[in-house]
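J.: Can you keep this structure in mind? I'll have questions shortly.
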Amino acid sequence: MLFRNLKIQLKRIIPPFIRNRLRMKKILISISIGLLFLNLSAQEIVKDSTTVQTLDEVLVKSIRVDADSPITHSNVDKEEIKKRNLGQDIPVLLNYLPSVVTTTDAGAGVGYTYIRVRGSDASRVNITINGIPYNDAESQGTFWVNMPDFASSVESLQLQRGVGTSTNGSGAFGASLNILSEAFSNDAFAEIGSSFGSYNTQKYNVKFSTGLLNEHIEISGRLSKITSDGYIDRASSDLKSYFLQGAFVDENTLIKALVFGGKEKTYQAWYGIDAETLETDRTFNPAGMYIDEEGNVQFYDNEVDNYSQDIYKLYWN
């Protein structure tokens, strides 16, 4: 009874507007606590464990690393390659990457080209195309001259400096270069490209795609021709290549058949010269040199390499 009287007296003493403010605060605190518990309950009920990861097609994951992997690597996508692709081989296009040094016989980035990573030569740089080793079985190097303008058919590539994650043996001591060929296209297109450079270097190519026919089948291809006189005397190159692929795409299936190859005819230019000749005639090429019956220095017109190479691949994902 005493408490009730005290409560009545307090109500009479405290002004009405203060009592209203206290009442509103009490209501707001109750609502906030209710919403907090409601939110915690909703989080427990709607906890989403689904994660979405977009994968590259035709890719053996064991030979590529992610951004947080403790392996020094560089990723180069299709758009970056396209900006630099003026006809030179892939090693020259990667010359700007850390620890990469490239050389070319002809001096123009066309013809015979070589790559070194961290000082290791091409026999210790493991090259894979869609996860399959491409290094030559005899020399362990890669003859890029046999696949001119292949950069125009590359979707992306990853260069791992050092041993990396390669599954293909000692060829990866210096580095691993994993190349992913061009993906299928949903839309049809046709494309003609050309570029011109020093020493009469020229590149022409034609690309096409049918797009997905009946939402399942795509056929695409490329034809390329590259010629160059070269910086070194008679270091000419006459290169032709093709790339053809057929793809079948379903909800959870991808089947791709690839056929690509190249035909090269290059004048030999890999011989070195001494320091004295370098000072007086730095483009001198001793390949094909002979002395005629009158004692004059002459050079053979056909001191050339003349090779072709064709590759067939079938993928089923």
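J.: Considering only the stretch 263-317, state which residues are surrounded by 11 or more Cβ atoms within 10 Å (Cβ to Cβ) and charged (D, E, K, R).
T.: Lys263, Glu264, Lys265, Asp281, Arg282, Glu303, Asp305, Asp310, Lys313
J.: Select the strands (runs of 3 or more DSSP E) contained entirely in the stretch 68-165, then report the ones holding at least 1 residues which are out of contact with any Leu (no Cβ under 9 Å at 6 or more places or on another chain), surrounded by 18 or more Cβ atoms within 10 Å (Cβ to Cβ) and in contact (Cβ under 8 Å) with a residue 24 or more places away in the chain.
T.: It comes to 113-117.
J.: While we're on this one: Looking at (1) farther than 27 Å from Ser237 by Cα; (2) modelled with pLDDT of 90 or more; (3) not charged (D, E, K, R), which is the only condition Val58 fails?
T.: With respect to (1) farther than 27 Å from Ser237 by Cα; (2) modelled with pLDDT of 90 or more; (3) not charged (D, E, K, R), Val58 is out only on (2).
J.: Next up: Would you tally the residues in the stretch 176-199 being within 30 Å of Arg161 (Cβ to Cβ), in a strand (DSSP E or B) and not aliphatic (A, V, I, L, M)?
T.: Of the residues in the stretch 176-199, 5 are within 30 Å of Arg161 (Cβ to Cβ), in a strand (DSSP E or B) and not aliphatic (A, V, I, L, M).
J.: Scan the stretch 199-213 and report the pairs whose first residue is free of Cβ contacts under 8 Å to residues at least 12 places away in the same chain and whose second residue is surrounded by 15 or more Cβ atoms within 10 Å (Cβ to Cβ), with Cβ atoms within less than 9 Å and a gap of 6+ or a chain change.
T.: Leu213/Ile219
J.: Does the stretch 247-263 contain any residue that is modelled with pLDDT of 95 or more, within 15 Å of Gly109 (Cα to Cα) and within 25 Å of the chain's Cα centre (by Cα)?
T.: Taking every residue of the stretch 247-263 in turn, none turns out to be modelled with pLDDT of 95 or more, within 15 Å of Gly109 (Cα to Cα) and within 25 Å of the chain's Cα centre (by Cα).
The values are calculated or read from the model by the stated rules, or taken from the named source; none is laboratory data. Just so you know, these numbers come straight off a predicted model, no measurement behind them. Heads up, the Cβs are rebuilt from the backbone with ideal geometry, glycines too, and the neighbour counts pull from every protein chain shown.
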